[in-house]
Amino acid sequence: IKIDQEPRGFLASRAIGSGFQSVLFSDCRSAEEALECVRIVRPETPEDEGTYGVATRRFTYMGYGGSPEYVQALRDIVVVLMIEKDGAVKNLEEILEIKGVDMIQWGGSDYSMSVGKAGQRSSPEIKAVEKQVMETALKMGVPPRAEINTADQAKYYLDLGVRHFCIGTDVNILFNWWKEHGGDLRKAVESA
């Protein structure tokens, strides 16, 4: 599940309690914010230093939680951070050093807007920053995930060493399906 900046903690805890095993946090700009995201999903134990306490949720399987299995389930949540703001790019290495950041995902649309180049996510300048982000993450041992719309778009990222992908979004997939099939139906109705 992708969580917006506010109310980050509440939404993440409810999503995890509902069974989500990965949380994608948007709008991180600093190492401090990255650490906050990790702490939100980790158990509140001395060794984990998280803030997720015991609660009755679906993933507790009809119990109140707090068991060793409950704690391990919280440790296993995959924490993904969107690198989509100028601050996140400027603080990238510090963000990637945070223990518990499992993966990052580039957000070219937000990044281009945050640097005053709205709508230019595919410009050579923005693509160069994306490449730098992917390479830095790989160098530091944090897997990056690339957003693509077709399998053909994976080659560029595979050549960089990226092995994780987000292919399409629900809104685009539905829009394209409705456009194609709705258009075909409109033609069929008009010709009848």
How far is helix 170-191 tilted, in degrees, relative to the longest principal axis of the Cα atoms in the chain, given as a value from 0 to 90 rounded to the nearest 10?
30
Under 5 Å between amide H atoms, partner at least 5 residues away or on a different chain: which partners does TRP106 have, H built in plane at 1.01 Å?
ILE83, ARG145, GLU147
Among ALA34, ALA88, ALA151: highest mean-square fluctuation, GNM of the chain, C-alpha pairs under 10 Å:
ALA151
Hits among lysines - C-alpha to C-alpha of LYS90 under 25 Å, sequence gap 8 or more where chains match
LYS2, LYS99, LYS117, LYS127, LYS131, LYS139
Amide H neighbours of ILE167 at under 5 Å, excluding residues fewer than 5 places away on the same chain, with H built from the backbone geometry, are ILE148
For the chain, what is the charge dipole size about the Cα centre, in debye to the nearest 20, if Lys and Arg each add +1 at the Cβ and Asp and Glu each add -1 at the Cβ?
420
Check each of the trypsin sites (Lys or Arg not before Pro) in the range 128-190 and keep only those in coil by DSSP with at most 13 other C-beta atoms within 10 angstrom; list them in order.
ARG163
The chain: calculated mean residue ellipticity at 222 nm from DSSP helix runs of at least 4, using -39500 (n - 2.57)
-14000 deg cm²/dmol
For the chain, with every protein chain kept in place, what is the accessible area per residue (1.4 Å probe, Å²)?
58
Here the range 138-153 yields Karplus 3J(HN,Hα) values (6.51, -1.76, 1.60; θ = phi - 60°; whole Hz; Gly and Pro given as x) of 4, 4, 8, x, 10, x, x, 10, 9, 8, 9, 10, 9, 4, 4, 6
Length-normalised contact order of the chain in % [C-alpha pairs under 8 Å, at least 6 apart]
15
Mean-square fluctuation check for the chain, GNM, Cα pairs under 10 Å: which of ASN91, ASN149, ASN176 is largest?
ASN176
Which net charge results for the neighbourhood of GLY65, defined as the other residues with beta-carbon distances under 15 angstrom from its beta-carbon, given Lys and Arg at +1 and Asp and Glu at -1?
+1
May I ask for the net charge around MET103, where only other residues with Cβ less than 12 Å from the Cβ of MET103 are counted and Lys, Arg are +1 while Asp, Glu are -1?
+1
For the chain, the longest site-free run once GluC sites (Glu not before Pro) in DSSP loop states with at most 16 other Cβ atoms within 10 Å are removed:
98-192
Check each of the chymotrypsin sites (Phe, Trp or Tyr not before Pro) in the range 15-63 and keep only those in coil by DSSP with at most 16 other C-beta atoms within 10 angstrom; list them in order.
TYR61
Taking all protein chains in place and a 1.4 Å probe, what share, in percent, of the accessible surface of the chain do carbon and sulfur account for?
54
Pull up all non-local amide H partners of TYR52: gap of 5 or more, or a different chain, and H-to-H distance under 5 Å with H placed in the peptide plane.
ARG42, GLU44
From phi via Karplus (6.51, -1.76, 1.60), per-residue ³J(HN,Hα) for the range 86-91 in Hz, x at Gly/Pro:
3, x, 5, 5, 5, 9
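The values are calculated or read from the model by the stated rules, or taken from the named source; none is laboratory data. All of these numbers come straight from a predicted model, not from anything done at the bench. When we count neighbours, we look across all protein chains shown, and the Cβ atoms used for this are built from the backbone with ideal geometry, even at glycine. Ligands, DNA and RNA are excluded from the accessible area calculation, which covers all protein heavy atoms including side chains. Shrake-Rupley method; radii C 1.70, N 1.55, O 1.52, S 1.80 Å.
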